[in-house]
Amino acid sequence: VKSIQRQGQVAAMTGDGVNDAPALNQADIGVAMGIQGTEVAKGAADMVLTDDNFCSIVNAVEKGRSIYAGIQKFVAFIMSVHIAEVMQIFICIVVGIPVMRTPLQILFLILVTDLPPSIALGMEPGEAHILKMRPRPKEEPIVLMWMWLAMIMNGAVLTIVVVAVYLISLVNYCDGEILQENIYLLDSYTERLSKAQTVAFISLVWSENIRAYISRSFTNPMWHDILGNKHMQKAIVMAQICLYVAVLTPYLSDRILGLRGLEIGFFGWVLALAGPVGCFILSESCKLISAYQAKKHQDSLSMADTPPAAAPIKVVGSKNAKMAAPVPVQPVKKGWFQCCMGGIF
C-alpha cells in the first residue's frame, strides 16, 4: 500500500481478516467485507461491501464520478447565469439605459429560475462514458480552466441575447428611445419602461431554462437524452408555472413585481422568444469549443499516465560494443484507485 502511495496514486485495500486491519487503515480507501469480514476489519475500513461483491466497488466509483460531475455542472450553470445577470445590469448602468430589472425581480430569478434547475443538475445521472474517462489527479481543482472559459462564454451569450431583446423592446415601447434621460421625458414612461422590462424578464427566464438543459453535459448536445433527468423536468415546469403566475396575475405582476405581461402584446411574446433561440444556437456553438478542450484535457491525462520509453542498454566488455534491445516496461494501469489483496489486481 505504501509503495503505491509513494507513486502518487490512490491506494485501496480490500480485506476481511484481523491481519488486514493495518493495511486497511493505511490505505486511502479501506474496503472490508460485510458478510465474511471481521469486526476489526470493518472498523479499520472506510467502506464496507455489504454483499462481499467486488463489482459493487465499480458501481461505487461510477456513482462517485457522477456526483463529482454533477457538482461541476451545478457550478458551471449557476456561475454562468449569475455572470450574465451581473453583466446585464452593469451594461445598463455604463451605457445609460434604464436598468432592466428591479431588486424584487432579481430575487425572483435567484429563488425560482436559478435555484431549482441548479439543484436538478446536482442530481444529474452519470453519462454513459463516465467510467472511460481518465482518473483525475488528487490535486486537480473541481472547476478546471476550460470550464471557467465555458462559464464566461455562456455568460457572455446570455448577456448579449437578453440585452439585445431589451434594447429592441425599448425602441418598440419607448418611441425609439433607449437612453434613460430621454425615456424619462416621455408621457407614461413608467408603463412603457415596465413593458420593455417584462419582455426582457420573460426572455431571460426562458433563456436560463434552455441554459439549464445545455448545462447537463459539457460535450454532448442538448438534445442528447434530453429527458434523462426527471428532476430537471420538474424544475423547469415549476419555473415556467411561476413565471406565468408572476407576469400574468393582476396586482402581483404590476403592483409588486412591476411586470406587465398582459400588456406587452403578441410582439412582446415573440420578441422574448428570440432570447432562448439565440441562447440555444450560440451556447451549442460554444459547446464545440468546450468539447475540444475536454478531449485535450483527457489526452493530457493519458499522456501523464504513459511511462517513458526505456533507454537502450549498452553492452560493455567486447571489442565491438553493441546496443542491446531496450527492456520493455510494463505500463502501470492507473485507475480511480489501485486495489490490494495479496497483490495488485
Tell me whether region 152-162 contains one or more residues that are within 30 Å of Lys63 (Cα to Cα), among the hydrophobic types (A, V, I, L, M, F, W, C) and within 19 Å of the chain's Cα centre (by Cα). yes
What do you reckon, is Arg65 buried (at least 17 other Cβ atoms within 10 Å of the Cβ) and in a loop (DSSP other than H, G, I, E, B)? no
Determine which single condition Asp46 fails, assuming it passes every other condition in (1) open to solvent by less than 70 Å² (accessible area, probe 1.4 Å); (2) charged (D, E, K, R); (3) modelled with pLDDT of 85 or more; (4) in contact with a strand residue (DSSP E or B) (Cβ under 9 Å, 6 or more places away or on another chain). (1)
Within region 196-218, considering residues that are in contact with a Ser or Thr (Cβ under 7 Å, 6 or more places away or on another chain) and not hydrophobic (A, V, I, L, M, F, W, C), the one nearest to Leu288 (Cα to Cα): Arg211
Arg192 vs (1) part of a helix (DSSP H, G or I); (2) touching a residue at least 24 places away in the same chain (Cβ under 8 Å); (3) charged (D, E, K, R): all pass except (2)
Just one of (1) of a type in the set (Gly, Ala, Ser); (2) under 30 Å from Leu179 (Cβ atoms); (3) under 32 Å from the mean Cα position of the chain (by Cα) trips up Gly96, so point out which. (3)
Subset of region 52-62 (residues that are at pLDDT 85 or above and either open to solvent by 70 Å² or more (accessible area, probe 1.4 Å) or not hydrophobic (A, V, I, L, M, F, W, C) (or both)): Val58, Asn59, Glu62
So the check is Cβ under 6 Å with 6+ separation or different chains; which pairs have a first residue in region 21-41 that's in a loop (DSSP other than H, G, I, E, B) and at pLDDT below 90 and a second one that's polar (S, T, N, Q) and surrounded by fewer than 19 Cβ atoms within 10 Å (Cβ to Cβ)? Gly34/Thr50
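Filter region 17-39 down to residues that are farther than 23 Å from Gln5 by Cα and over 36 Å from the mean Cα position of the chain (by Cα) and give me whichever is surrounded by the most Cβ atoms within 10 Å (Cβ to Cβ).
Going residue by residue through region 17-39, those that are farther than 23 Å from Gln5 by Cα are 34-39.
Among the residues that remain, those that are also over 36 Å from the mean Cα position of the chain (by Cα) are: 35-39.
Working: Ile35: 11, Gln36: 11, Gly37: 23, Thr38: 17, Glu39: 9.
Checked region 17-39; the qualifying residue surrounded by the most Cβ atoms within 10 Å (Cβ to Cβ) is Gly37.
Let me confirm something: among Phe266, Phe280, which residue is part of a helix (DSSP H, G or I), open to solvent by 40 Å² or more (accessible area, probe 1.4 Å) and over 22 Å from Arg216 (Cβ atoms)?
On the way: Phe280 fails: over 22 Å from Arg216 (Cβ atoms).
Result: Phe266 is the single residue among Phe266, Phe280 that is part of a helix (DSSP H, G or I), open to solvent by 40 Å² or more (accessible area, probe 1.4 Å) and over 22 Å from Arg216 (Cβ atoms).
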Residue list for region 106-130, filter: open to solvent by 80 Å² or more (accessible area, probe 1.4 Å) and either within 22 Å of Gly228 (Cα to Cα) or in contact with a Leu (Cβ under 8 Å, 6 or more places away or on another chain) (or both): Ile119, Met123, Ala128
Could you please find all residues in region 198-234 being among the β-branched types (Val, Ile, Thr), at pLDDT 90 or above and open to solvent by 10 Å² or more (accessible area, probe 1.4 Å)? Ile210
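Of a type outside the set (Phe, Trp, Tyr), within 30 Å of Cys279 (Cβ to Cβ) and out of contact with any Lys or Arg (no Cβ under 6 Å at 6 or more places or on another chain): is that true of Val10 in this structure?
Values: of a type outside the set (Phe, Trp, Tyr): yes; within 30 Å of Cys279 (Cβ to Cβ): no; out of contact with any Lys or Arg (no Cβ under 6 Å at 6 or more places or on another chain): yes.
So Val10 does not fit the description; no.
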One residue is enough: does region 71-88 have a residue meeting the conditions of a type in the set (Val, Ile, Thr) and free of Cβ contacts under 8 Å to residues at least 12 places away in the same chain? yes
I'm told Ile256 meets every condition in (1) under 21 Å from the mean Cα position of the chain (by Cα); (2) surrounded by fewer than 21 Cβ atoms within 10 Å (Cβ to Cβ); (3) of a type in the set (A, V, I, L, M, F, W, C) except one. Can you identify the failing condition by its number? (1)
When only residues in region 96-105 that are touching a residue at least 40 places away in the same chain (Cβ under 8 Å) and in a helix (DSSP H, G or I) count, which is nearest to His231 (Cα to Cα)? Gln105
Going through (1) open to solvent by 40 Å² or more (accessible area, probe 1.4 Å); (2) under 20 Å from Ile78 (Cα atoms); (3) part of a helix (DSSP H, G or I); (4) not polar (S, T, N, Q) one by one, Val162 fails only at (1)
How about region 136-152: which of its residues are aliphatic (A, V, I, L, M) and in a helix (DSSP H, G or I)? Met145, Met147, Leu149, Ala150, Met151, Ile152
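The values are calculated or read from the model by the stated rules, or taken from the named source; none is laboratory data. Keep in mind that what you see is a predicted model, and the values were worked out from it rather than measured. Cβ sites come from the backbone with ideal geometry, for glycine too, and all protein chains shown count toward neighbours. Side chains are part of the model used for accessible areas, which takes the heavy atoms of the whole protein and leaves out ligands, DNA and RNA. Shrake-Rupley method; radii C 1.70, N 1.55, O 1.52, S 1.80 Å.
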